[in-house]
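Notes for the one structure printed next.
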């Protein structure tokens, strides 16, 4: 199967890129391991940042400040200056943004922002955007290959040019390849490594990041993971920042408001962690907003609280905790979103590190990034002049051999599901909101033991068709690779910056005003710091 542009991932970034590439006349295939609207774009409930002409510089300044010195002024300028155009593009697609009492598009404050610039569709903003993008893709006859699990990129060993990717067809169990003149990786983030302690779905295991690094690409800043302050205590289900943006309070079990609710997320999450460490409970209190306002502005949150915690948020305090939500690190890309270390391969969205968010993401910028950068990635991929010649591919035979080995040679002596839960727990408690040297070293040692034991884990289900046991196992392998980079970066960054807080190094250190970068040589992880440009 061949195409002009292969897009791997069908969230907001991938679909935006697909629409722009199609508009420019390219043949496009979108490959996705689930169904097109099953993406973490849906988790972005709070809204979409778009700045007016008089607010653009303030928006840029807010984003740079949140990045804690690691944001690229060039990329942030590009995103903020295109924000109104991106919003208008979505409106023209028919995305139903909420209106205020005057019939104008409504906006709200988000944490860390100086001005109100976050446009929303009730508390379903990401979902409504994703549905609008998918509807437009169907209108434009964009081709989808669903239930395709990414195995590896096809990269020439000498030129490092990417000419496609290999996939496991989940439905049939067959291994196949899709060739393309250029490839866009849009596979989402890696918060799923915090299994059981994340707002994300289980599939957020960093598949695209792991595959890109194996192919010769570079990843960066994986230690920067944003913990959302308000997830339901029992289920880790996200309660949108919109609840605080509309005036919700954070109170402890003594009834005391202990933090400014609209500070950046890293500061609020640490404040919550400090309360919990003093054996106090923490609650989100929106009772004063009234049931009518909550039903109008936060209908999804009302349902989530009732379904998952049996709480009526109009009348009850909501018990919460902070959990992994968004990952700032990812695949290192240049200003055209081309992957560092590879040619003809682009990365966009949460899997990509375009140095927009730096050490901490400003609320409302994630949806803006996937649209503005998604459109740019689609255009840049079309304009890329491919030099690759379609030829026999050893990657396909390697991946067939790997899957056959899992069925035939990997034993099932160790239950990897138990290891996945254990990894999520120790990552959360030792590489979470607050970190230190001892805890990070302990988790890294445990993780590397899991890597050594990987071939003794294996699968119990030997069926070919729709084998979720097999998918879970491969995802766990990718999670181990990504979590290793996260831990190495966190261990060697001896400072506190943004979402990365070391209690043994609680201050900023300009020595580490730099990006951690990761690559592999002969299968071995390598890492170093490089200067911010």
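The values are calculated or read from the model by the stated rules, or taken from the named source; none is laboratory data. Keep in mind that what you see is a predicted model, and the values were worked out from it rather than measured. Glycine gets a Cβ as well: all are built from the backbone with ideal geometry, and neighbour counts include every protein chain shown.
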For segment 281-323 the number of residues that are part of a helix (DSSP H, G or I) and closer than 16 Å to residue 235 by Cβ is 10
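Let's see how each residue does on (1) farther than 26 Å from residue 227 by Cβ; (2) at pLDDT 95 or above; (3) surrounded by 22 or more Cβ atoms within 10 Å (Cβ to Cβ):
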| residue | (1), (2), (3) |
| --- | --- |
| 5 | yes, yes, yes |
| 14 | no, yes, yes |
| 18 | yes, yes, yes |
| 21 | yes, yes, yes |
| 30 | yes, yes, yes |
| 35 | yes, no, no |
| 53 | yes, no, no |
| 59 | no, yes, yes |
| 64 | no, yes, no |
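Matching residues to (1) in contact (Cβ under 8 Å) with a residue 40 or more places away in the chain; (2) within 19 Å of the chain's Cα centre (by Cα); (3) over 19 Å from residue 219 (Cβ atoms):
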| residue | (1), (2), (3) |
| --- | --- |
| 149 | yes, yes, yes |
| 156 | yes, no, yes |
| 169 | no, no, yes |
| 179 | yes, no, yes |
| 192 | yes, yes, no |
Matching residues in segment 66-90 (closer than 30 Å to residue 134 by Cβ and surrounded by fewer than 15 Cβ atoms within 10 Å (Cβ to Cβ)) number 2
Those residues of segment 159-173 that are at negative phi and surrounded by 15 or more Cβ atoms within 10 Å (Cβ to Cβ) come to a total of 9
Within segment 420-438, the residues that are in a helix (DSSP H, G or I), in contact with a helix residue (DSSP H, G or I) (Cβ under 9 Å, 6 or more places away or on another chain) and surrounded by fewer than 21 Cβ atoms within 10 Å (Cβ to Cβ) are 422, 424, 426, 429, 430, 437, 438
Exercise. Looking at this structure, is residue 412 within 30 Å of residue 460 (Cβ to Cβ) and at pLDDT below 95?
Worked result: yes
Per the filter on segment 146-182, residues modelled with pLDDT under 95 and out of contact with any strand residue (DSSP E or B) (no Cβ under 8 Å at 6 or more places or on another chain) are 157, 158
